[in-house]
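Working notes for the structure below.
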Amino acid sequence: MLRGEEPERRNRPFLALVALCALQSVVVGLRWGYDVAALKLVLPVLASGVPPLVLASFHSLIRRDERGAPGGAWIHAAPTIGVLVLVLAPRYIDFALIVEYVGYALALLNLARTGTDVLEEARFESAVAAHRALVIAAFSLCLSALFDLVIILDFEWTKGANIGLIVSNANMLGLLFIGLTAMVADRARALPAARAVVDEDPVSMPQDREILDRIDHLLVSQKLARDENLTLSRLARRAGLPARQISTAVNRLAGKNVSQYINDFRIAEACRLLRETDMSVTAAMLESGFQTKSNFNREFRRVTALSPVAWREQNRAGALAA
């Protein structure tokens, strides 16, 4: 993540989350693989920091003014502080971690329920993958909570005979899922804008059709769809409209989310290039605004039900026959 991204695109919460997962993995290995008993009280403290960092990471893909008051972030330090206090009464730590992990999982699912458009700072090309990572991260937290419950039951039934096996394998699996989702979502973040661009003639409370016409005009006349760093937040600034109004209008009239709507424009441009020019598939992909082949191929199949190569052969053959 450090070497593969431009410095200005690095997302500190995601980097911190992956670093914490790595540190926790090392401590788990030392505690249960090498029986370093002194680390037994360090593990729950590290574990308590994972859910708040997961939520903070995905909040970084939401426009700053939609996240709530900055001071509210301090409340997410409460779980770790609580676990530090519970070190004096360790029998309640596992129950506290279960409540914390399930609570944050529900918060993530609540964030995800409105669809991909909630991640306003995610590039449209990667918004679907980032939203999927958000849901997987929520279920990963539930999985970790389930492992904690199994640990409690193992203490009750076998006096902890299997705890080393459970912790060293099951929790590592949960950390792996969380780390991978962080890496996937981190790549969805757009490069920071040099300056906020706002339309000089903003529309006040327009109807859905007027909003969609305004967006279509921007996408066609200014070729915004070809900008690989385009996000819902940036599109809203260019249109002079609230992001939520754009999302609602697109959902109502087009029956899809904004990322799919933008990608439809990109696929249409890619189809034109594949049909009318000898440009390679990769060149057409980049020219139409996509940056990765996996996303391009997925969206191309969603729109046309064919691969780019098959679509070009079929449509060029039809054009020649005509």
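Coordinate-derived values only; no laboratory data. Since the structure is predicted, the reported quantities are computational estimates derived from the model, not experimental observations. For neighbour counting, all protein chains shown are included, and Cβ atoms are generated from backbone atoms with ideal geometry for every residue, glycine included.
Tabulated results
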{"read-out": "Sequence-distant residues sharing a close amide H with A122 (under 5 Å, placed H)", "value": "L232"}
{"read-out": "S307/T248 FRET efficiency (R0 51 Å; Cβ-Cβ; nearest 0.05)", "value": "0.95"}
{"read-out": "Simple Cβ-charge dipole of segment 70-127, Lys/Arg +1 and Asp/Glu -1, about Cα centre, in debye nearest 20", "value": "240 debye"}
{"read-out": "Extension gain from D208 to F155, taking 0.36 nm per residue of separation minus the Cα-Cα distance", "value": "13.2 nm"}
